[in-house]
Structure formats: structure tokens, C-alpha cells
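K.L.:
I have a structure I would like to understand better, so I am pasting it below and will then ask my questions one at a time.
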Amino acid sequence: MKSLQKILIIADGYPTAKNVYTGIFVKEQVEELKKLDHKIKYDVYYNPFFRIFKNAQTKRSFFWRTIQWGLQMICFVPYLFRQYDLVHAHRFFLPVINGALYKFFRKKPLIATSHGIRQIEKRFDKKWVKKLFNYCDLVLAVNRDMKENFLTYFNLPEDKVKTRSCGVDFSAFNAFEATRSDEEYQKDQIILGFVGGITEVKRPFLFIKCIEALYQKHPVKGVMIGNGDLMNEIKEYINAKKLPIDVIESLPYIKLIPYFYRFDLFIFPSCIEPFGLVGVESLYAKTPVIASSVGGKKDYIQDNVNGLFFQKDNLNDLVQKTERLIIDKEFRIRLKEQTAESVKHYSNKEVVKEIYEYYDQLFRDNNQ
């Protein structure tokens, strides 16, 4: 029997020098797959066009999205003439359409990893979305709630949907120790961390207003790392209020990792989060997480075990939970002791082994 030789990975984003976070989970997965089997060649096709405009409203406009989709489809045409044994599309919508086109013309298996579809039950195009996902040979959902939604709203067969989260390259973390420079932070300060997009869905202002509510009562300091269309707005607000918050623009991954160890608590307030790699990374660095109870966070954060949940978009609840951990040092230490062990199974190596098995099974089924 033939063996797997070439796989096409399709994504809507991939890390670049200027944007190190976009699609980082796809890149890490591909790099780990290459290590697992050196004989297989991986090509990655991704959509760079959304980076042209920085304004979020411009990106979401019908005119811009039409241009973006058209360019993505046109640029994908050459790939239809290349020979691949299997296609793996990351994210809905365009990457899965590209993958479906390849399957239609070349009769090759298609895997779709969905990182979330907003308001599934209200989508006007739900019928077409259902057809698209049913056309895939396998659908990977990055959290348990998402899998249940697919089974409920798209009537997908149970054996066609798997829950397979994103993995983390823990080997990069193992090179660091939990250190915090006294030159950077006072010994008695509680460092609250935020890492991610400075965008509306990540709720950076919840983090800022939480510190605003606490800093006059407790020795807290905030560190925000990321980038996005709200960056100027949050800087202006922090400066106007003279809040003890450092804002750091996106860092290369190797420089970001030490901050997870420097934080005493990681605040994760996003209102939508298919999985949330930064939550797993924080826990592996032995930093308890205070998170909104949404999406994939519920798969790895255990309330009162390795972190705390607060009600989505509820500032008072976030402040109360954060203050509880600031005041109760023993409780904070108890959570800290149970963090790293609770997420070890999210290792990129373990995730990739399962994905490779899916590839191999679909390839063999297609070549019987």
C-alpha cells in the first residue's frame, strides 16, 4: 500500500515577524508533525490579506470581506493542480471551502479543525454550513461544547466529530525557571497578567478596570502583552487614570514565556474563546488563572482547583475573585501547586500523535 507523502495545511493566518501570535497553534502543530515523520512533506497555504487593514471595522465590512474572500480563492487555484494525499483545513469558513474544493477536484480526504463558529443557531447560512461540514471526512472541534453544538445543529454523525484541542510546546517552557526580577517588580507586589489580542472580544478593559478597582487597596501591578485595534485607546485610558499597568507590544514567543512565570495571577476575561492557549501556558508555568467561564477554558480550568471562574463580562465578580486570591495567600499557593500537573496532557507531542493517527487512518481508508 502507498504511504502518506504530501499533506496540504490550509489556515486563515500564520505567524510572521510582525504578527507572532496569529496562527501560532497551526505552526507549532505543523513543526511537531514534521518531527514525527520526516518522510512527509507539508505545504501551508494561509490567508495574509486580512493584515492589510488594521482597523477592525474595515476588516468586517462587506466590501473588504468580499475582496478578501475573492483573493483567497484566486490565490488557491494553483494548489488545485498540485498533488496531495490529504488536506487539513484550520478554521471555518474560507479554509474549509478551499479544502472542499480540493477534495471535489482531486478526490482526497479532508479534515477540518474548527476553532469556533459564532451563534450557530442564528446563522442564516446554517443549511450550507451543515452541508460543508458533512462533506468533510473528519471534523475536529477544539472543545467539548463545540462538539456538542456540531452534533446538535449540523446533525453530524458521532464518529465524524472528535474533540481535539490545540497543543502547547512545553519544551520551550522547560528551559525556564519560575523567577521574578526584584529590579522589575517590588517584592510585595501582586503581578496580574494579561496576554492576547488587544481587541473587543478579549475584553482588555475588564482587566484594566479590575486593577483600577484594586490598586488603591492592594499592592497590585498589571502587565498587558499583546497588540490590536484597541491599543491606543487602552494606553490613553491607563495614562489618564495613572494606573500601575505596563503595556508591552507583542513579543517573540521565546521572550513571552518568562512573563508567564513572573505573573502571580493570570486574568483571562475574553467573551469568546474556542480554546485559549495562553490559559494552558499560564497553568503550566504554575500561575493560577481567573477566567470568564466560556468556550474551551472550561475544558482545562477547574474552579477552586487550578483557578477561578467569574461570570462573563461581570466586572464586580472578576474584582471579587481577584481580591480573594490577593488576600488569601494560602489559597493562592494551593491553586498554584495544582496548576502544571493539570495541563500536562495538552502537550503538543500528545496532540500531534493523535492527529497523525487521524491522517493515517483517512489515507488508508481512501486508498483501499
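K.L.:
Compute the FRET efficiency between Lys242 and Arg364 as 1/(1 + (r/R0)^6), taking r as their Cβ-Cβ distance and R0 = 45 Å, and round to the nearest 0.05.
P.N.:
E(calc), rounded to 0.05, equals 0.10.
K.L.:
A further question follows. Any idea how far apart Lys126 and Gln189 come out in nm if each label point goes 7 Å out from Cα toward Cβ?
P.N.:
4.9 nm
K.L.:
State whether the range 171-345 is rounded, prolate or oblate according to the following rule on the C-alpha gyration tensor (a ≥ b ≥ c being the square roots of its eigenvalues): a/c under 1.5 gives rounded; otherwise a/b larger than b/c gives prolate, and the remaining case gives oblate.
P.N.:
rounded
K.L.:
Then there's this: Give the dimensionless ratio obtained when the Cα radius of gyration of the range 249-354 is divided by 2.2 N^0.38 Å.
P.N.:
That ratio works out to 1.05.
K.L.:
Given R₀ = 35 Å, what would the calculated FRET efficiency be for Asn155 paired with Tyr253, taking r from the Cβ atoms and rounding to 0.05?
P.N.:
Computed FRET efficiency for Asn155 and Tyr253 comes out at 0.35.
K.L.:
In whole angstrom, how far apart do the alpha carbon centroids of the range 266-292 and the range 299-360 sit?
P.N.:
6 Å
K.L.:
OK, next. Figure the gain on full extension for Gln5 and Ser171 (residue separation times 0.36 nm, minus the Cα-Cα span) and round it to one decimal in nm.
P.N.:
57.0 nm is the gain from fully extending Gln5 to Ser171.
K.L.:
Return the distance in nm (one decimal) between the two label points of a simple spin-label model at His345 and Glu357, each offset 7 Å from Cα along Cα→Cβ.
P.N.:
1.3 nm
K.L.:
From the P(r) of the chain, could you give the percentage of C-alpha pairs in the tail past 29 Å?
P.N.:
Result: 44 percent of Cα pairs exceed 29 Å.
K.L.:
With n ≥ 4 as the cut-off for DSSP H runs, can you work out [θ] at 222 nm for the chain, using -39500 (n - 2.57) per run divided by the number of residues, rounded to the nearest 500?
P.N.:
Helices in the chain give a 222 nm mean residue ellipticity of -12500 deg cm²/dmol.
K.L.:
Between Asn314 and Val201, with labels modelled 7 Å along Cα→Cβ, what's the label distance in nm to one decimal, could you check?
P.N.:
Distance between the two pseudo-spin positions: 2.3 nm.
Every read-out reported here was derived from the displayed coordinates using simple, explicitly stated rules and does not represent laboratory data. All figures in this text were calculated on a predicted structure; none of them were measured in a lab. Don't worry about glycine lacking a Cβ; one is built from the backbone with ideal geometry, like all the others, and counts go over all protein chains shown.
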